[in-house]
Amino acid sequence: MPAPSIQTSVNLADLVTAISDAVMVCDAQGLIVLWNPACQRMFGHTEAEALGRSLDIIIPQRQQQRHWDGYHVTMKSGITKYGSDLLKVPAVHKDGHSLSIAFTVSLLHAPDGSVSGIAAVVRDESARFAQDRETRKRMAELEAALQAAPVAATAATTLAPIASAPIGGSAS
């Protein structure tokens, strides 16, 4: 089945270069063949450093085997179990600090229909992930405090209407 044609006056190379999201493409062997400027901002590797290398430059070591097992199955089968799902995984910056990223993937096909690679559009979700973690921590602390002081919670609930009443009785 031939790939649909995109009719546009937009220069697609300019689009990929200008877009704020990281856009990367790997070939069927897992080597990076496209690395836009947002990838450099996010991961710290220049295009020259990334092209021709594997994604191991951004995958935490503890995740690499699982990643490559799935990658090779996907390249052979032509099927990704993730479809258009938003994936959320850890990543690593060139300087070694951890990132939390969210991304979608799309399989790329050669004219004969075989899988020629995979494209990913990536966002750095580190700040939001840290904020969510802090919110969950604070909620757990508050729940623990409520569990530890059920009498105080009951008293606060019981006394709340009294505390909000006007001093001296009715306002009428």
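The table for this structure:
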item	result
Matching residues in segment 20-70 - criterion: being open to solvent by 60 Å² or more (accessible area, probe 1.4 Å) and either assigned to a loop (DSSP other than H, G, I, E, B) or in contact with a helix residue (DSSP H, G or I) (Cβ under 6 Å, 6 or more places away or on another chain) (or both)	Ser20, Gln29, Leu51, Arg53
One residue from Asp132, Asp85 being without any contact (Cβ under 8 Å) to a residue 24 or more places away in the chain, among the acidic types (Asp, Glu), part of a loop (DSSP other than H, G, I, E, B) and farther than 15 Å from Arg41 by Cα	Asp85
Neighbours by Cβ (under 7 Å, 6+ apart or cross-chain): first from segment 21-38, under 10 Å from Leu51 (Cα atoms) and without any contact (Cβ under 8 Å) to a residue 60 or more places away in the chain; second among the polar types (S, T, N, Q) and open to solvent by 50 Å² or more (accessible area, probe 1.4 Å)	none
Residue match in segment 100-108 (condition: open to solvent by less than 60 Å² (accessible area, probe 1.4 Å) and more than 19 Å from Met24 (Cβ to Cβ))	no
Of all residues in segment 104-128 being within 15 Å of the chain's Cα centre (by Cα) and in contact (Cβ under 8 Å) with a residue 40 or more places away in the chain, the one that is farthest from Ser77 (Cα to Cα)	Asp124
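The values are calculated or read from the model by the stated rules, or taken from the named source; none is laboratory data. Here the structure is a predicted model, which is why all the values come from computation and not from measurement. Cβ atoms come from the backbone with ideal geometry, glycine included; neighbour counts cover every protein chain shown. SASA here: full protein model, heavy atoms, side chains in, ligands and nucleic acids out. Shrake-Rupley method; radii C 1.70, N 1.55, O 1.52, S 1.80 Å.
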